[in-house]
Amino acid sequence: MNPFDLQVNGYAGTDFNGDNLTAESLHHACEALAEDGCAAILATFITDEIPTLERRIGKLVELREKDELARRIITGIHIEGPFINPIKGYVGAHPPQAVKPANVDDAKRLLAAAGGLAKLVTLAPEHDEGSKTTAFLASQGVTVSAGHCDPSLDQLSAACDAGLTMFTHLGNGCPIQMHRHDNIIQRALSLNDRLWLCFIPDGVHVPFFVLKNWLASIGLERTIFVTDAISAARLGPGRYTLAGWDILIGGDLVARSPDGTHFVGSTVTVPRIKANAYAELGMSEADLKQVLDVNPRLAISM
C-alpha cells in the first residue's frame, strides 16, 4: 500500500501555509510523512488574499524543486479556497474577509503560482457563476472539488456537468444544524455516482458510527480518506499555526479554533487512520488500499 493524502496543510511542526517555511522545515515534514508511511501528498493551501496565496504557493514550489525527497512526497498542490462560501458554518476555519466568488482570472494566477503542480481546487459551486471557473480548471487538467459550500442540488449537478468530480471532507465545512433532509450532505450523497467523496476518519470530524452508515450506503468505490493534517500532526499538545490561525491543541489532540466553535484541520496521521479503520470501521487491508491509495490516484489522474 502506498497511501496518497490529498489534503495536508502541514506536518510535524511545519506549516505549509505559513510565511516562515524553509528548506529545512519542508524537508523535515517530508521525512516525517515518509516515516509514517505516506507515499505522496498534495500540499494544501487554504483561503487567503490572492497575492498571499501566490507568495506562499510559490515559496513551496521553489523549495520543493531543490529537494529530492520533497519532490517525491509532494506530488502536487491542493488549493482549498478562496472561492468558497463565506457564511458562518460553511466557511469553517477559512478567513471570511479573504473569500471571494470564483473567477477565471484569479484561478489563472493561482495555477501560474503553482507552476504546473496544482492538481486539485476546492470551491463552492454556488459561488461560481455559470460554473465557468469549474469548466476552466477542468480544461486545465485540474480536479475540481466542492467544499465549504451550500449549492442546491441543481447547482451541484450543473457543476458536475461542467467538470466537478469530487467533494472535500464531506460532513465538515457546514453548520452543525441544517435542514434534516435537504442539506449539503444529503445532496452530495445523492450524487455519489458522479463524485469522489472525501472523509476525515478521525472520529471527531465525523463520528465513526455516522461514517459507517455513509460507507454502508455509498460503498468504497468512490470513497477517499484524507487527514486534513495541520502542523500539529504527529506531535503532542501545544501551540501551532495554520496560516493566520494560532491553534492550541489540548490533551484530546483536537485542532479547534481559538473560540472553540469549529475545527481547524486535523492532527490525524495515516497510521492513525489505519488503526481507526480496523478498530472502528471494520475495514480490511484491501479496503484501506482502495480508499488511501487507489482511489486518490484515480481521482486526480495520477
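Just so you know, all these numbers are worked out from the coordinates, no wet-lab data involved. Since the model is a prediction, treat every value here as computed from it, not as a measurement. When we count neighbours, we look across all protein chains shown, and the Cβ atoms used for this are built from the backbone with ideal geometry, even at glycine.
Roughly speaking, what is the stretch gain from L248 to A279, that is 0.36 nm per residue apart minus the C-alpha to C-alpha distance, in nm to one decimal?
On the way: separation 31, 0.36 × 31 = 11.16 nm, distance 2.79 nm.
Stretched out fully, the L248 to A279 stretch lengthens by 8.4 nm.
Tell me, what ³J(HN,Hα) does each residue in the range 104-111 have, in order and in whole Hz, if you take phi through Karplus 6.51 cos²θ - 1.76 cosθ + 1.60 with θ = phi - 60° and put x for Gly and Pro?
5, 4, 5, 4, 4, 4, 5, 5
Placing +1 at every Lys and Arg Cβ and -1 at every Asp and Glu Cβ, with all other atoms neutral, what dipole size does the range 171-282 have around its Cα centre, in debye to the nearest 20?
That gives the range 171-282 a dipole magnitude of about 140 debye.
With springs only between Cα atoms under 10 Å, which of P201, P95, P237 fluctuates most in a Gaussian network model of the chain?
Fluctuation is largest for P237.
Regarding the range 1-112, what whole-number volume in Å³ per residue does the convex hull of its Cα atoms give?
108
What does the charge add up to near V8, with Lys and Arg as +1, Asp and Glu as -1, over the other residues with Cβ less than 15 Å from its Cβ?
Net charge around V8: -2.
For q = 0.12, 0.19, 0.20, 0.21 Å⁻¹, what log10 I(q)/I(0) does the range 118-267 give under the Debye formula with an equal point scatterer on each alpha carbon and no solvent?
For the requested q values the scattering log ratios are -0.54, -1.19, -1.25, -1.31.
Test of understanding: in a Gaussian network model of the chain with alpha carbons linked when under 10 Å, which of Q290, Q177, Q155 would top the mean-square fluctuation ranking?
For the chain, modelled as a Gaussian network with Cα springs under 10 Å, the answer is Q177.
In nm, to one decimal, how far is the N2 label point from the N20 one, both placed 7 Å along Cα→Cβ?
3.5
Would you kindly derive the ³J(HN,Hα) couplings of the range 145-153 from the backbone phi angles with the Karplus curve 6.51 cos²θ - 1.76 cosθ + 1.60 (θ = phi - 60°), listing them in order in whole Hz, with x for Gly and Pro?
10, 7, x, 6, 8, 8, x, 5, 4
In whole Hz and in residue order, list the ³J(HN,Hα) couplings for the range 237-248 that follow from phi through the Karplus curve 6.51 cos²θ - 1.76 cosθ + 1.60, θ = phi - 60°; x for Gly and Pro.
3J(HN,Hα) across the range 237-248, in whole Hz: x, x, 9, 9, 10, 9, 6, x, 7, 9, 10, 9.
Here are some pairs, K59/K100; K108/K289; K66/K100; K66/K289; K59/K119; which of them have Cα atoms lying more than 26 Å apart in this structure?
Violating the 26 Å Cα-Cα cut-off are K108/K289; K66/K100; K66/K289.
By how many nm would the segment from R239 to Q186 grow when fully extended, if each residue of separation counts as 0.36 nm and the alpha-carbon distance is taken off?
That pair, R239 and Q186, stretches by 15.5 nm at full extension.
Just one of (1) 37, 20, 17; (2) 25, 23, 19; (3) 53, 24, 22 is semi-axes √(5λ) of the Cα gyration tensor in Å calculated from these coordinates, so which is it?
The value matching this structure is (2).
I'd like the distance separating the alpha-carbon centroids of the range 268-302 and the range 67-94, in whole Å.
20
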